[in-house]
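What follows is a single structure, written as structure tokens, with notes after it.
The values are calculated or read from the model by the stated rules, or taken from the named source; none is laboratory data. As the structure is a computational prediction, the values presented were derived from the model and not from experiment. Backbone-built Cβ (ideal geometry, glycine too); neighbour counts: all protein chains shown.
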Amino acid sequence: MNFQPFEPGEPGRIVLFYNPIAGPLHRSDKIARLQARLEEKGYEVVSATKLTDLETLVDDSIQLVISAGGDGTAAAAVARIGADVPLAIFPTGTENVYGKYLGISNSTEAFVDFLATAMVCPFDAATANGRLFLLMLGVGYDAEVVHQVAARRKGHLSQTAYFRPIVQTSWQYPFPDLQLEIETETGEVEQLAGKWAFVVNVPRYAWGMSFAPQAVPWDGLLDLCILPQGGVGPGIGYLYSIIRGGLNARRDVIYRRCRQIRIASETPDVRFQTDGDPGGALPVEIRVEPARFRCLVPREFAENHRAATSDGAVL
């Protein structure tokens, strides 16, 4: 962990990157207010709504990239900027897991104030079949829900869009066998099996859930969580444990810390998701990308994690 003050000097050029259809309908007004407030502070703000625009605009003259949107928007930004370009996440999407984990406000005034006192730290990312993600990858029940929601999506997405797919999938999902091959933190190769799997970089997910509370997004490793039982009864039991925050206390759950993971299944069309977006069908190869981007974090977040580390806590 290497938290340093973000000291860009005089206000300079900023790229404000956002997805016009992500998050609530009123989000465009908030982004406009943010741009106006930044310009009042002396920043030159350049907007980008396409990935090609972002790639073109980010050069040595850019002081900062702001990702305004949800977790998918942030991952898309990281995938297209260099490891030396600072990124600030302005959480205006549907769930905003990364922003909530960092403790970043979605108030325009508070966000601009945050930039003035922010710390910066190299954060890890990961890839799934070459596609970058920031938070986590899921294989199994949750991925099936994500794919169903995406298939029904029309425009802006709300949390209520998940209710029907969650109920339907709870009773119908077959929980196929998964085969996993991992490279552990010590370089050993291990073969594992299960019915449901999560690969975690950040120890928080949607609705405050956590599959691997011990995960740390700057340790150069991914935390693997495998649920070995299938069927409606065990599936509902796992869901209850996840919602209650007690998954890591279950004796049947398998945890490993890994550098890379391959997940496959003999059952066709078993799906995976990354950061709440559809990822496709197995097999999937996952690799950690240590120190992939420089992330701005609130000073309180940095101080809390420094204090926890000095006390010997596992973060």
Within the bounds of the stretch 252-260, is there any residue that is modelled with pLDDT of 90 or more, over 20 Å from R131 (Cβ atoms), hydrophobic (A, V, I, L, M, F, W, C) and not in a strand (DSSP E or B)? yes
Kindly indicate whether any position in the stretch 91-109 is over 20 Å from E289 (Cα atoms), part of a helix (DSSP H, G or I) and more than 21 Å from the chain's Cα centre (by Cα). yes
Failed criterion for I21 (all others in (1) within 10 Å of A68 (Cβ to Cβ); (2) modelled with pLDDT under 85; (3) not basic (K, R) hold): (1)
Taking the stretch 199-243, which residues are small (G, A, S) and either crowded, with 16+ Cβ neighbours inside 10 Å or touching a helix residue (DSSP H, G or I) at 6+ places or on another chain (Cβ under 6 Å) (or both)? A206, S210, A212, A215, G230, G235, S241
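I'm checking my understanding of the structure. Among residues of the stretch 145-200 that are of a type in the set (G, A, S) and part of a helix (DSSP H, G or I), which one is modelled with the lowest pLDDT?
Here the answer is A161.
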Among the residues of the stretch 103-115, is there at least one that is in the same structural domain as E55 (by TED's automatic domain parsing), in contact with a strand residue (DSSP E or B) (Cβ under 9 Å, 6 or more places away or on another chain) and closer than 26 Å to G279 by Cβ? yes
Using the structure shown, decide if G70 is in contact with a Lys or Arg (Cβ under 7 Å, 6 or more places away or on another chain) and at pLDDT below 95. no
